[in-house]
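The values are calculated or read from the model by the stated rules, or taken from the named source; none is laboratory data. Just so you know, these numbers come straight off a predicted model, no measurement behind them. Quick reminder, even Gly has a Cβ in these numbers, built from the backbone with ideal geometry, and neighbours come from all protein chains shown.
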Amino acid sequence: MILIINAHPSRNSFTSAIANSYATGAREAGAKVELLNLYDLKFDPILHDAYHKIMPLEEDLIRAQKLIKACKHLVICYPQWWGSGPALLKGFIDRTFLPGFAFHYRNNSSRWDKLLSGRSAELWLLSDSPKLWFFIMYWNSPIKWLKTATLQFCGFNPVKVNIIDRVRFLTLPQREKALERARKSSFLAAKKL
């Protein structure tokens, strides 16, 4: 199963269109697809008390964890804001990628168990800035925080990165080309499962 997480807080965003196009391509390839639009989920995005006291999960987060466990390929579509992703995505990760679910620190060791191993992932990062800007100015932080410090930390491998930059300057034909790129990418990912 392919799980697609649309992390843009607006349903009318180009990020949402990319997520929908990816879902269409995967379904055309015969894959079972689940699409989670974070703007539809009801949950508190703040991890109160950090990991000192685990908060009870809301129904939407329980379902999200089940889908993450069940998927073979996870796709996250998100905009680059302030050198990172939107707060909604960060809150979702803080609340779902919990110790005992996504990772487990070993006793008396600096090592940890990656509890989500055996899955691949794909990021679709959309940005108004040119790629070169966040590689040079942000040291690639819009990608590293999610690819390396989150997904690979929890065992996802490989993690493919797709970037659509200069979004606010894209013409209609360029937008259509990007949507087709997402559809084709998902078709290929589905065939590998």
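Being surrounded by fewer than 20 Cβ atoms within 10 Å (Cβ to Cβ) and under 14 Å from the mean Cα position of the chain (by Cα) is the filter here, so list the residues in the stretch 70-85 that pass it.
K72, S84 - these are the residues of the stretch 70-85 that are surrounded by fewer than 20 Cβ atoms within 10 Å (Cβ to Cβ) and under 14 Å from the mean Cα position of the chain (by Cα).
Please indicate, with yes or no, whether at least one residue in the stretch 138-160 is surrounded by fewer than 18 Cβ atoms within 10 Å (Cβ to Cβ), in contact (Cβ under 8 Å) with a residue 12 or more places away in the chain, part of a loop (DSSP other than H, G, I, E, B) and among the hydrophobic types (A, V, I, L, M, F, W, C).
Within the stretch 138-160, none of the residues are surrounded by fewer than 18 Cβ atoms within 10 Å (Cβ to Cβ), in contact (Cβ under 8 Å) with a residue 12 or more places away in the chain, part of a loop (DSSP other than H, G, I, E, B) and among the hydrophobic types (A, V, I, L, M, F, W, C).
For the stretch 24-40, give me each residue that is within 21 Å of G85 (Cα to Cα), under 15 Å from the mean Cα position of the chain (by Cα) and either in a loop (DSSP other than H, G, I, E, B) or not polar (S, T, N, Q) (or both).
Answer for the stretch 24-40, where residues must be within 21 Å of G85 (Cα to Cα), under 15 Å from the mean Cα position of the chain (by Cα) and either in a loop (DSSP other than H, G, I, E, B) or not polar (S, T, N, Q) (or both): L35, L36, L38, Y39.
Taking the options I54, I62, name whichever one is farther than 30 Å from F134 by Cα, without any contact (Cβ under 8 Å) to a residue 24 or more places away in the chain and hydrophobic (A, V, I, L, M, F, W, C).
I62
Would you check which residues across the stretch 70-104 are at pLDDT 95 or above and of a type in the set (S, T, N, Q) and list them?
Scanning the stretch 70-104 gives a single hit, T96.
Does the stretch 95-113 hold any residues that are buried (at least 17 other Cβ atoms within 10 Å of the Cβ) and touching a residue at least 40 places away in the same chain (Cβ under 8 Å), and which are they?
R95, F97, L98, A102, F103
Just to check your reading of the model, which residue among E28, E58 is modelled with pLDDT of 95 or more, surrounded by fewer than 18 Cβ atoms within 10 Å (Cβ to Cβ) and of a type in the set (D, E)?
E58 is the lone residue from the list that is modelled with pLDDT of 95 or more, surrounded by fewer than 18 Cβ atoms within 10 Å (Cβ to Cβ) and of a type in the set (D, E).
This table checks each residue for (1) of a type outside the set (F, W, Y); (2) within 16 Å of the chain's Cα centre (by Cα).
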site	(1), (2)
A87	yes, yes
F103	no, no
N108	yes, no
G118	yes, no
W145	no, yes
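Has the stretch 133-150 got at least one residue that is among the charged types (D, E, K, R) and in contact with an Asp or Glu (Cβ under 7 Å, 6 or more places away or on another chain)?
There is no residue in the stretch 133-150 that is among the charged types (D, E, K, R) and in contact with an Asp or Glu (Cβ under 7 Å, 6 or more places away or on another chain).
So in the stretch 31-55, with the set limited to residues that are surrounded by fewer than 16 Cβ atoms within 10 Å (Cβ to Cβ) and among the β-branched types (V, I, T), which one is farthest from L89 (Cα to Cα)?
Ranking the qualifying residues of the stretch 31-55, first place goes to I54.
Looking only at the stretch 117-130, decide whether some residue is without any contact (Cβ under 8 Å) to a residue 12 or more places away in the chain, in contact with a strand residue (DSSP E or B) (Cβ under 8 Å, 6 or more places away or on another chain) and either more than 18 Å from P79 (Cα to Cα) or not in a strand (DSSP E or B) (or both).
Within the stretch 117-130, not a single residue is without any contact (Cβ under 8 Å) to a residue 12 or more places away in the chain, in contact with a strand residue (DSSP E or B) (Cβ under 8 Å, 6 or more places away or on another chain) and either more than 18 Å from P79 (Cα to Cα) or not in a strand (DSSP E or B) (or both).
Where residues in the stretch 124-150 are closer than 20 Å to R181 by Cβ and among the polar types (S, T, N, Q), which of them is modelled with the highest pLDDT?
Of everything passing the filter in the stretch 124-150, S127 is modelled with the highest pLDDT.
How many residues are out of contact with any helix residue (DSSP H, G or I) (no Cβ under 6 Å at 6 or more places or on another chain) and in contact (Cβ under 8 Å) with a residue 60 or more places away in the chain when one looks only at the stretch 171-187?
Qualifying residue count, the stretch 171-187: 5.
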